[in-house]
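Here's the structure we're looking at; comments come further down.
The values are calculated or read from the model by the stated rules, or taken from the named source; none is laboratory data. Since this is a predicted model, take the numbers as computed values, not measurements. For neighbour counting, all protein chains shown are included, and Cβ atoms are generated from backbone atoms with ideal geometry for every residue, glycine included.
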């Protein structure tokens, strides 16, 4: 801010200068389109399937429990929990 020259009876007047933004080549925020979100969903499914195959399926096979893929079955609920846990990270 610059101060203009003034006489002894005047009040100081300051000029407002808006801040300047530096222009960069990459935007600060990037909104994902359909295909990026679709690929992220496929990656989430792949990770969920891998984790449920490594962590949940062996337990059910060793215990000789039924692995029903219904949402309300225990296996389906555990796979859903794994999906939501990987989704949040």
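Can you find even one residue in the stretch 71-89 that is modelled with pLDDT under 80 and more than 27 Å from the chain's Cα centre (by Cα)? Can you show your working first?
If we filter the stretch 71-89 for residues that are modelled with pLDDT under 80, which is where we start, we get 71-72, 86-89.
Now narrow it down to the ones that are more than 27 Å from the chain's Cα centre (by Cα): 72.
Yes, some residue in the stretch 71-89 is modelled with pLDDT under 80 and more than 27 Å from the chain's Cα centre (by Cα).
If you go through the stretch 49-89 one residue at a time, how many are without any contact (Cβ under 8 Å) to a residue 40 or more places away in the chain and part of a helix (DSSP H, G or I)?
27
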